[in-house]
1. Zone of residue 127 (label point 7 Å along Cα→Cβ, backbone N under 13 Å): which residues in region 54-83?
2. Using Cα pairs closer than 8 Å and at least 6 residues apart in sequence, work out the relative contact order for region 67-135, in percent.
3. Can you sort 112, 79, 97 by how many other beta carbons sit within 10 Å, fewest first?
4. Hey, with R₀ at 22 Å, roughly what FRET efficiency would residue 67 and residue 134 work out to, going by the Cβ-Cβ distance, to 0.05?
5. So for region 50-134, what percent of the C-alpha to C-alpha distances run longer than 18 Å?
6. Could you pull out which residues in region 58-73 have an amide N less than 20 Å from a spot 7 Å beyond the Cα of residue 118, following the Cα-Cβ vector?
7. Taking every alpha carbon pair in region 70-114, what does the distance histogram look like in 5 angstrom bins from 0, in percent?
């Protein structure tokens, strides 16, 4: 006949058994901290500048009349790591580089690849802007 199994109480299992959940929790937190540092980075990488393109009020009316819009350039020069910040202060949605930018909205576009690009810009009289991104 099999012997009945008697379970030990928490006190009889010993201190090592009681600490196991704590050790697992601390190890989990350590791994999470390491992953967070790797994802965030050291912060020592140089940050690029922010190039601001502000679409002023009345832009859509000027474009409809065939006028140029002050402050909207033909060409934007930047470097890899820079960010293009587009701010739409017009009353109409504008389209820049494939982004629909609603009135009052801001869009950040990170510039990560060098090259010369001709991109759409509904706020420009010619409907395009040349972007030169240097490495």
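1. 64
2. Relative contact order of region 67-135: 41 percent.
3. Least to most surrounded, the residues fall as 112, 79, 97.
4. Values: r = 31 Å, r/R0 = 1.42.
E(calc), rounded to 0.05, equals 0.10.
5. 36 percent
6. Within reach of a label on residue 118, which here means backbone N under 20 Å from a point 7 Å along Cα→Cβ, region 58-73 contributes 68-69, 72-73.
7. Percent of pairs per bin, in order: 5, 20, 27, 27, 15, 6, 1.
Any read-out appearing in this document is the output of simple, stated calculations on the displayed coordinates, not a laboratory observation. Note that this is a predicted model, so its numbers are computed, not measured. Cβ atoms come from the backbone with ideal geometry, glycine included; neighbour counts cover every protein chain shown.
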